[in-house]
Amino acid sequence: MDQNPDPVLDDLAQRAYDFSINLDGRVERSPTLYSRGHCAVVYKGTFLPNNIEVAVKIAAGDLARRGILEVIKDAVREVHTWSKVRHKNVHPLLGITTEFDHTISFVSAWMEKGNAHDYVQDVEVDPRPLIQGIARGLHYLHDYKPASIFHGNLKGSNVLVSQDGHALLTDFGFTRVVNSSLKMTVDKICAGALNWMAPEIVKGGELSAEGDVWAFGMTALELFTRSIPFPDRGHPLVRPSEDETLSRLTDRWWEMCSSCWDGQPFLRPQMSGVMKSISLLSTEELRPDAVRDDRVLEISGLARSSFLSSP
């Protein structure tokens, strides 16, 4: 744990206390790095005094000082909103800590089954229930009140899998917080996310529902093929073979994915429509025992309630 005081992080920590999302003094972090991505690194941690496993994620860069004092307040508000979402297909943030590596760390409940991309590498796993859960979670974020929440970095590795096999969206807002609000010294567009990003966002456009819809279609394709979608970006979007998708990507699923990639953002469907289409497809095509009902594992919400009620 860092011992040197930092006035910028002290200010951030105090504002986080005001929003009840500061977990300083309540998280122990493993010294061993668990994973490293293009935009962030992840450690395993323990929430005290419950000794419950958590993920501790930091941006893959140092906290820049230019303009940080002016944006801390907005950043904390954004993180606070992130921590308040409650949905069976959304993995909320538990809080933040400023005690590691001279920067801000994002803390969430640990999911032992890992992320959706890795999970579907087992060919026995049918990706369609996961895709349906992703659609439900994304629709919830877009329909969030008082203002829509845009994910901005949707892909298989940013979808966790609960113990019961449900899709849990995570890291929504992470890119915006670390790149805009907190001015982290990481690339504006993380290289690993380009294959999922809508053309207008790659060109510098703002995060949007339409951009999320494009990324959703790419994520669905990723889970069907168990690989990065269209690795030769810029080439025509050619339908994968039946062998690649184990014959699960039927004509109607392909049409649904393709509709998300219209070059004109306003012509892409809204997530409400996508969700309804998938519900019909799931009812018609999935085995009865593969169709999920509305019983869910709200582990993150339960975890946050349990964590934050502890002394």
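The values are calculated or read from the model by the stated rules, or taken from the named source; none is laboratory data. Given the structure is predicted, the values throughout are model-derived calculations rather than measurements. In this analysis, Cβ positions are derived from the backbone assuming ideal geometry, glycine residues included, and neighbour counts consider all displayed protein chains. Note: accessible area is taken over every heavy atom of the protein model, side chains too, but ligands, DNA and RNA are not part of it. Shrake-Rupley method; radii C 1.70, N 1.55, O 1.52, S 1.80 Å.
With the requirement that a residue be in a loop (DSSP other than H, G, I, E, B) and out of contact with any helix residue (DSSP H, G or I) (no Cβ under 9 Å at 6 or more places or on another chain), what does segment 207-252 give you? Talk me through it step by step, then tell me what you get.
Of the residues in segment 207-252, the ones in a loop (DSSP other than H, G, I, E, B) are 207-208, 226-241, 246-250.
Hits for segment 207-252 are 232, 234, 235, 236, 238, 241, 247.
Determine the pairs where a residue that is among the aromatic types (Phe, Trp, Tyr), located within segment 90-114, has a partner that is at pLDDT 90 or above with Cβ atoms under 6 Å apart, the partner being 6 or more residues away or on another chain.
As it stands, the answer is 100/29; 110/53; 110/54; 110/55, since those pairs meet every condition given.
Would you confirm, using the coordinates I've provided, whether residue 205 is open to solvent by less than 50 Å² (accessible area, probe 1.4 Å), modelled with pLDDT under 95, among the small types (Gly, Ala, Ser) and over 14 Å from the mean Cα position of the chain (by Cα)? Walk me through it before giving the result.
Details: open to solvent by less than 50 Å² (accessible area, probe 1.4 Å): yes; modelled with pLDDT under 95: yes; among the small types (Gly, Ala, Ser): yes; over 14 Å from the mean Cα position of the chain (by Cα): yes.
The answer is yes for residue 205.
Across segment 93-104, what is the number of residues that are modelled with pLDDT of 80 or more and either out of contact with any strand residue (DSSP E or B) (no Cβ under 7 Å at 6 or more places or on another chain) or surrounded by fewer than 23 Cβ atoms within 10 Å (Cβ to Cβ) (or both)?
3
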